[in-house]
Every structure is written in structure tokens, then in C-alpha cells.
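This report refers to the structure that appears directly beneath it.
Every number in this text was worked out from the coordinates using simple rules, so none of it is lab data. Computed from a predicted structure; not experimentally measured. Cβ sites come from the backbone with ideal geometry, for glycine too, and all protein chains shown count toward neighbours.
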């Protein structure tokens, strides 16, 4: 199937990143968000990202103009009706995603593919609420999308070979490295490994073994990670980390995936990381 017009649901961190990369590699894109302010902020983020690339001589002003001209926006799911593929990049919430896919199934042309950027939720379950389950797959981009090379591909039980091949080819056209999660299991590859590590880092803090800076420095210098696990959690969003841990815990039924109580408390307090100004670090004071 030829992909020319891409729909992206969500103008936030992941959605605007996917939109930028798709437009950068020559696709026309419709970025949808129910919140008009979020759309404005998403477009501004894309423009700022382009400006940084221009400063690095990785993009010209003309390239930026062309890229931005390829992006249209809408606040209605019906605005995605002509898309060849729609990539959902909404909040990591099962009920929300199921609602979105029911709406997409109603409004988007029957031959279009419907893809989720979910980092942990069952693609089989998402596909099951549509009348086109063979045309549903997972396409998990990494954050920040313009810089990170990986796309994790997930096929549900119903996903056809043709759909999965199209998704793989699309990722590769965007200059991404595509890896397949062979089984549709909670967390797939990346978050099945990453989130328990972050959760253990929070337990290490919770149990008073070390402070935030010591935990991050130990993991950076001791395991050669580019950033410590608590810094990374703040970057991802503590609410997202908690949501993924809940999916792992509920989906796999193993107590080793139980979210740390301190992580739960931080989310309850609204300390969600960088986006809220406070997480394991205080960004408002910087």
C-alpha cells in the first residue's frame, strides 16, 4: 500500500515529533488534537526543532519552510478521513486509546491503516475494537522522535503481513531502524526492560539507599548510560512511567512489576517531571 498522507493523533511531545519526522521525509501530514492550544504549541515545538537543526547546518531555511508547509492541523477525527495511515500518539491510557480507535474506524477511509504509538498496551486489544483488525499495528517511536533512531514494531494477533510490511517500510523511509517485537506482550521490548529498571531506581530512593543525584551518577558512570534513570523518568513523565508499570503489573501478574509507592505518590502530587516543573528534580528552580 502506498503511503502519501499521514495522520497523527496528539500534538504533544510524541505527536509533534512524529509529525516533524514524517514531514521531513516528504510526507504530507495532518496533526490532530482536540486542544487548539496544544496544536499551536506542537507547531511551535516543530519550528524550534527545525531552528536547532538549521544552527547545526543539518537543515536550511528553505527546508524548514517546505517541512512546515506539509503539515496541516485539525481538532476533529473526521479531519483525518483521507489519510492512508493514522498514527495515534495520545496519552498512555487504555480506555482513551480504545475510544480513539473506535472513532478512527468510523471516520477514516476503510483501506487506511491504523497504528498506535503505545509503549506498552496490547495491540491485539486495540485492534479488537475496530472492524479492520488486520490493518492495525504498533509503531512505537522513541523520544525525542527527531533524534532517536529506533521504531519498535508490534503486530497484534490479527495484524496482516501486508500491514506489518507497510509499517516497516514507512519507518525505514523515515530513516529509522525497525525492530520487531515478535510477541504482543505488555511493554514489548524496550519498556519491558527499561521501566522495571526505572522502578527499581525509585525503590532505591524510596528505601533510603541513596539520594537522587547519587542514583543517577551511579548508573551513568557505572553502566555508561547517557542519563540516569531518575532523570530519564522525569523526561518521559512520571505519569507515563506509572501507567506503563501498571500495564506490566496487571498484564503479567508478577509482583516484581509492582509500581514503587513513591512513584505513585509523586504522580498523585502532580510531580510529573519536566513537563510539570517538578519530579525527582525541581525544574522550576532552574
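How big is the Cα convex hull of the chain in projection, averaged over all directions, in nm²?
So the mean shadow area of the Cα hull is 15.1 nm².
Which log10 I(q)/I(0) values does segment 3-127 give at q = 0.16 Å⁻¹ under the Debye formula, counting every alpha carbon as one identical point scatterer?
At q = 0.16 Å⁻¹ the computed log10 ratios are -0.73.
Arranged by the count of other C-beta atoms within 10 angstrom, fewest first, what order do 193, 236 take?
Ascending Cβ contact count within 10 Å gives the list 193, 236.
Looking at the chain, send over the antiparallel percent of its DSSP beta bridges, to the nearest 5.
20
Based on alpha-carbon centroids, what's the gap between segment 14-93 and segment 104-180 in Å, whole number please?
When both Cα centres are located, 18 Å separates them.
With the Cα gyration tensor of segment 1-56 giving a ≥ b ≥ c as the square roots of its eigenvalues, does the rule (a/c under 1.5 for rounded; else a/b larger than b/c for prolate; else oblate) give rounded, prolate or oblate?
Oblate.
To two decimal places, what compactness ratio does segment 190-240 give when its Cα radius of gyration is scaled by 2.2 N^0.38 Å?
Dividing the Cα Rg of segment 190-240 by 2.2 N^0.38 Å gives 1.04.
Based on other C-beta atoms within 10 Å, arrange 206, 249 from fewest to most.
206, 249
Looking at segment 193-276, I'd like the Rg to Rh ratio, where Rg is from alpha-carbon atoms and Rh is Kirkwood's inverse mean 1/r.
0.95
Taking the number of other C-beta atoms within 10 Å as the exposure measure, put 220, 97 in order starting with the fewest.
Ordered by Cβ neighbours within 10 Å, fewest first: 220, 97.
Using Cα pairs under 8 angstrom and six or more residues apart, how large is the relative contact order of the chain, in percent?
Dividing the mean separation by the residue count of the chain yields 13 percent.
Take the Cα radius of gyration of segment 114-171 and divide it by 2.2 N^0.38 Å, with N its residue count; two decimals is plenty.
With N residues counted in segment 114-171, Rg over 2.2 N^0.38 Å equals 1.09.
Shape call for segment 88-245 from the C-alpha gyration tensor, a ≥ b ≥ c root eigenvalues: rounded (a/c under 1.5), prolate (a/b greater than b/c) or oblate?
prolate
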